[in-house]
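Derivation of every value follows stated rules applied to the coordinates shown; laboratory data play no part. Not measured: the values here are computed from a predicted model. Note that we place each Cβ from the backbone using ideal geometry, even for glycine, and neighbour counts take in every protein chain shown.
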Amino acid sequence: MLTLAGEARIEVEIKRSRFVAHVGRVDTEEDTLRFFESVADLSATHNCWAWRIDQRYRFNDDGEPASSAGRPILSAIEGKGLDHAMVVVTRYFGGIKLGVGGLIRAYSGSAARCIDRAGIDEIQPLVRCCIDAGFDHTGQLYAVLEACGARKIDEQFNRDGIRVEVEIERSVYGRLETALRDATRGEARIGKLD
C-alpha cells in the first residue's frame with residue numbers, strides 16, 4: 001500500500017487566487033475531521049477536500065462548481081496510487097474567475113504538488129495469524145517468528161503446548177508457513193485470523 005511519508009503544505013497563486021494545499025495521512029474518518037479542522041481556514045473563500053481510506057473515499061467542492069474541486073483532488077490522490085491520505089486545498093479568491101477547467105487544473109495541480117512534497121512510502125499490509133505448537137517446538141517457533149519479523153500480539157499456554165497470535169506482513173505469510181513446517185516437521189499449525 002502506498003501512503004504519504006508525512007504532512008506537507010504548499011502555496012500556489014493562479015490569476016491572483018491563492019491556493020494553499022495541505023496533505024496528511026488519515027486512518028479513520030475521525031482522523032479526516034481532525035485533519036480538516038487543523039488546516040482549514042474558515043475565513044477563506046473555499047476549503048475543498050478529498051480523502052481515501054481503503055475502499056472508502058469522500059470529496060467536497062465547498063461551494064465551487066460541481067466536480068471542479070473535490071473530485072480533481074481525489075483524482076490526484078488516486079493518480080499517485082495513495083491510500084489513507086487526505087488533501088485539503090484552501091482557496092482565497094483573487095477577483096478573476098478561472099472557469100471550470102481552470103479550477104480543475106488549479107485544484108488537482110495543487111494537490112499533486114503537495115503530495116510530491118510530502119513524499120510517498122510503501123507500507124506492507126499486515127495479516128494476523130494464530131499458531132499452535134507443542135511444548136517441544138517452542139524454541140523453534142520463537143526463532144521462526146523472529147526470522148520472519150512477526151510481532152507477537154498474544155501468547156497462551158495450554159495442556160497441549162503454546163498458542164501464539166502474531167501480526168506479519170502479508171507478503172511474508174507464505175515464508176512463515178514454510179519455515180514453521182520445516183522447523184517443527186509439520187507439527188505446528190498456522191491459520192489466518194483476518
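How big is D for region 1-142, in µm² s⁻¹ as a whole number, if Stokes-Einstein is applied with the Kirkwood radius of its Cα pairs at 10 °C and 1.306 mPa s?
For these conditions, the coefficient is 98 µm²/s.
If you place +1 on the Cβ of every Lys and Arg and -1 on the Cβ of every Asp and Glu, how big does the dipole about the Cα centre of region 40-115 come out, in debye to the nearest 20?
Computed about the Cα centre, the dipole is about 180 debye.
Want the number for Arg170 to Arg9: 0.36 nm per residue separation, take away the alpha-carbon distance, what's left?
Full extension from Arg170 to Arg9 adds 54.7 nm.
What is the distance, in nm, between label points placed 7 Å from the Cα along the Cα-to-Cβ direction at Ser67 and at Thr45?
Reported label-point gap for Ser67 and Thr45 is 2.3 nm.
How far apart, in nm, are the 7 Å Cα→Cβ label points at Arg16 and Asn158?
Going from the Arg16 label point to the Asn158 one covers 7.5 nm.
Straight distance only, please: which aspartates and glutamates reach the Cα of Lys152 with their own Cα at less than 18 Å, same-chain residues fewer than 8 apart left out?
Asp132, Glu165, Glu167, Glu169, Glu177, Asp194
Measuring from centroid to centroid over Cα atoms, what is the spacing of region 154-189 and region 1-23 in Å?
Answer, in whole Å: 45.
List, in order, the whole-Hz ³J(HN,Hα) value for each residue of region 73-83 obtained from phi through the Karplus relation with A = 6.51, B = -1.76, C = 1.60 and θ = phi - 60°; use x for Gly and Pro.
After applying 6.51 cos²θ - 1.76 cosθ + 1.60, I find 5, 4, 4, 5, 4, 5, x, 8, x, 8, 9 Hz.
Give me the distance in nm between label points sitting 7 Å out from Cα along the Cα-to-Cβ direction at Asp116 and Thr138, one decimal.
Using points 7 Å along Cα→Cβ, the separation is 5.7 nm.
Please give the net charge around Ile53, taking every other residue with its beta carbon less than 12 angstrom from that of Ile53, where Lys and Arg add +1 and Asp and Glu add -1.
Around Ile53, the charge tally is -2.
Once you list every other residue whose beta carbon is under 12 Å from the beta carbon of Glu187, what net charge do they have if Lys and Arg are +1 and Asp and Glu are -1?
Result for the local shell: -1.
Give me the aspartates and glutamates in straight-line cross-link reach of Lys97: C-alpha distance below 15 Å, same-chain residues under 8 apart excluded.
Glu13, Glu64
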